[in-house]
1. State all residues of the stretch 486-524 that are among the small types (Gly, Ala, Ser) and over 14 Å from the mean Cα position of the chain (by Cα); if no residue qualifies, say none.
2. With the checklist (1) touching a residue at least 60 places away in the same chain (Cβ under 8 Å); (2) open to solvent by 50 Å² or more (accessible area, probe 1.4 Å); (3) under 24 Å from Ile474 (Cα atoms) in hand, flag the one item Asp307 doesn't pass.
3. Is it the case that some residue within the stretch 31-43 is assigned to a strand (DSSP E or B) and under 30 Å from Gly573 (Cβ atoms)?
4. Filter the stretch 18-28 for residues that are surrounded by fewer than 17 Cβ atoms within 10 Å (Cβ to Cβ) and part of a helix (DSSP H, G or I) and give the result.
5. Show the residue pairs that are 6+ apart or on different chains and have beta-carbon atoms under 8 Å apart, the first residue being within the stretch 418-438 and within 18 Å of Val368 (Cβ to Cβ), the second being of a type in the set (Asp, Glu) and surrounded by fewer than 19 Cβ atoms within 10 Å (Cβ to Cβ).
6. Are any residues in the stretch 593-640 farther than 28 Å from Leu659 by Cα and assigned to a helix (DSSP H, G or I), and if so, which ones?
7. Among residues belonging to the stretch 465-516 that are touching a Lys or Arg at 6+ places or on another chain (Cβ under 8 Å) and within 20 Å of Ser657 (Cα to Cα), point out the one that is surrounded by the fewest Cβ atoms within 10 Å (Cβ to Cβ).
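The values are calculated or read from the model by the stated rules, or taken from the named source; none is laboratory data. Fair warning: this is a prediction, and the values are worked out from it, not measured in the lab. With ideal geometry, Cβ positions are generated from the backbone for all residues, glycine too; neighbour counts draw on all protein chains shown. The accessibility values were calculated without ligands, DNA or RNA, using every heavy atom of the protein model including side chains. Shrake-Rupley method; radii C 1.70, N 1.55, O 1.52, S 1.80 Å.
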Amino acid sequence: MKTVLDVLEERIGAAMSTVAGTDDYAAIVRPTADARFGDYQANGVMALAKQLKTNPRKLAEQVVERLDVADLCEPPEIAGPGFINLRLKPDYVAGQLLRINADDSERLGIDRTTQPKKTVVDFSSPNIAKEMHVGHLRSTIIGDAICRITEFLGHPVIRQNHIGDWGTQFGRVILGLWHMCMAEKHGEPLYYRTELDELRQVAGSDQDLRTLCTRIRDRHEDDWSNDREGEQHFAPFLEGLNDRDVEGLWEQFLCVYQYVNALEDALAGMGLTVRTINRGQEETIPYESLSRRITVMLQRQDRQEFDAWQFIRKLTLEHCGGIYRKLGVQLTDADVRGESFYNDKLPTVVGDLQTSGLAVESDGATCVFPEGFKTKEGQPLPFIIRKSDGASLYATTDLAALRYRVNEPKIKADRIVYVTDARQIQHFQMLFKVAEMAGWDRRDGEKVELAHVTFGSVLGEDGRPLKTRSGENIKLKDLLDEAVERAKSVVEEKNPDLPPDRKAEIAEAVGIGAVKYADYSNNRTSDYVFSFDKMLAMDGNTAPYMQYAYARIKSIERKAESKGVDIERESHGITALDLSEPTELDLGKHLARYVEAIESTAADYRPNYLTAYLYELAQKFSAFYTNCPVLDASPAKRPTRLLLCDLTARTIRHGLSELLGITVVDQM
C-alpha cells in the first residue's frame, strides 16, 4: 500500500503535468515543520513556475484547481509564493489507524516492497587477536540497524563480518601461543607476565634492555632445542586449548600477545639471533624477525602454525560473539567472511586488472590509477593492489570481496553497503571507481548499487576521541558493563521494591539500550560526545525516556484490571474512532506516519530519523495522556483512547526492539 507521501506526490505531480502540458514534474511533498501550516507541504510548484517563466502563486492556484485529494485531505491551501499546504482529514486518519490495528502480523500495516533487492551489509569487522573496543561500536550497531530495517522492508539481507584474520601480525599471534605453552611448562610465575613488566621498566636503558633480551633469547633457545618440531609440548598444548575456560584463556592470550609485541619492538636492531627450522632444515635468523618467519610458515599452511591460527581465530570470534549478544546484534559465525577467505582469489584480481591494462607497475608496486584522484602534489593517486614485495593489501582483498559478492551464485548482490568510519571515504571512493573501470560492479548488464555508509568518532568529555586515562582504547566490554552498573541506580530510583533479579534484567536493558540509542540518535556522520549522565537521563531523547514511555503505557493495562475495565472486550471489533480532541488527532496522525519514518531511515541509512520519530511519538502520547483521560473516559470515547494507547506501545516496541535492537521493559 502506498504511503500518504507517495499518494500526494503522485497526484500533485499529475496535476502539475496537466497544467504544464508535459510529464515528469516532482511535487516535492514533505511533512511540514510546523503543524499550523498543515501536515504536508508541496514545494515543487516554484521550480516549475521558474521553468515556465510564470507567477508561482498563480500556477499553484491552477494546480490546486486540478487536484483531487478530497478522499484524504481537507481543501488544499496556498501559502507564500506558491507552497501548497495539505491537512489530513480526521476520518482518513481514523481509517488508517483501524487498518494498522487490524494487522495482527506485527507489521503495523506496513507492506513489504514489491521490488526486493538482495543486499549485502559489510559491518563490524573486528581484528583477530584483539579485543573489540569503543571504535567498533558504531559500525557494529549502525550496521545491525541497517540490516534489521532493510529486512523489515522486504529486502533479503546477507550480513558480512569482514574480519581482519590474515596478515603479517599473525606470526606474533602464533609466537604468543608458543610462549604461553613454554611458560606453563616452566610453571608459575608465568615468565611472560613478569618479563612484560621488566621490558617496560628497562625500556630507557640500552644496557639493561640488552641484558634482559639476551636472557630471554637464551631461554628461548633452550626451549626450542628441547622441542624442535613442537611435537612434545606445543602440539599437545594446542590440542588441549579447546577444553579450557574461554574467558580465562582470552585474558592470558591478550597478555602474552602484548609480551611478544613488546619483546619484538625491544629487539629491533639489537643483533640477537635464534635458530629455527625452515622446510626441515635448521637455520639461524635475527630474533627480531622470528614472527615474520612464522607468518611465512602460516601462509604455507604448515600444520602447527595453521592450527594455532585457527584456534586464535575461534577464540577471538567467541569473544566477539559475547559482545554481539550483549548488544543484541544479529551477527553469528555464519556471517564471517574474513580476509583469509579471499586469499586464493587475490592473484586473479591482480592478473585480470593487468590483462585489461588497468593495473600498471609503479615504483615496483602494482597499481591502478582511477581518474579524479590526485596526491597533494597534483600527481595521479595510485590504488595499490600489490606491494613491491608481492604482498597484497586491503585494496586487493576488498576488490576480491566485491567481485565475489556480485557474482557468487549464493549471493548475487543487487546492493552492497559498507559501514565504516569516515576516515575510509577515499579508499571506498577509489574502490568503487576501480570496480566500475573493470566492470566488476555489473552483473548481466545491470549495475550493482554500491554504498559507503560513514560515521564520525565517539568523543570523550574533553572533545577528543574517547580513551582511558592512560590513553588506551576503551574496551567495549568494559564500556557496556559500566553502562549496566550505572543503569542499576536508575532502576533503583524508579522502582526500589522490585525483586533483585528483575532489577538486574531491567538494568541490562536500560544500560545497553542507553549506549545504543545515544549513538543512533546522533547524526551518524557527526562526531558525538559520550556521556553516561546524558544517555541515562530519564528526560530528553534517551533510551530510558523511551523505555519509560513504553512501560508507562503498559501500566495502563495493569491499572485497567484494578478498575474493572476489560480492554480486550472494549477494543475487540472496533470499527469507528472518535478523534475529536486535538491531541487525539495529533497522536493519530503521527502513528499513521510510522512507515514514512522507516522509509526515510532506510533511504539515507540514518537511524536518527527513526529515533526522532519515536521521541516525537512519545511526546505526543504524553500530551494526549495529559489532556485525555483513558480509563476514566466515557464508554463512547474509551475504545478510541485504548486503541491509541495500544498502537503507541506497539509502535515504540517495534521501533526499539525490532528495528534498533533495543529491549523494552514493562516496568522501570
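1. Once the filter is applied, which keeps residues that are among the small types (Gly, Ala, Ser) and over 14 Å from the mean Cα position of the chain (by Cα), the stretch 486-524 yields Ala487, Ser489, Ala504, Ala507, Ala509, Gly511, Gly513, Ala514.
2. Tallying (1) touching a residue at least 60 places away in the same chain (Cβ under 8 Å); (2) open to solvent by 50 Å² or more (accessible area, probe 1.4 Å); (3) under 24 Å from Ile474 (Cα atoms), Asp307 fails exactly one: (3).
3. Scanning the stretch 31-43 turns up no residue that is assigned to a strand (DSSP E or B) and under 30 Å from Gly573 (Cβ atoms).
4. If the condition is that a residue be surrounded by fewer than 17 Cβ atoms within 10 Å (Cβ to Cβ) and part of a helix (DSSP H, G or I), then Thr18 is the only one that fits.
5. So the pair list comes out as Lys433/Glu371; Ala438/Asp352.
6. Those that are farther than 28 Å from Leu659 by Cα and assigned to a helix (DSSP H, G or I): Thr626, Asn627, Arg638, Pro639.
7. Ranking the qualifying residues of the stretch 465-516, first place goes to Ala504.
Residues checked against (1) over 10 Å from the mean Cα position of the chain (by Cα); (2) of a type in the set (A, V, I, L, M); (3) surrounded by fewer than 19 Cβ atoms within 10 Å (Cβ to Cβ); (4) farther than 25 Å from Ala395 by Cα:
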site: Val120; (1), (2), (3), (4): yes, yes, no, no
site: Ser124; (1), (2), (3), (4): no, no, no, no
site: Gly135; (1), (2), (3), (4): yes, no, yes, no
site: Ile146; (1), (2), (3), (4): no, yes, no, no
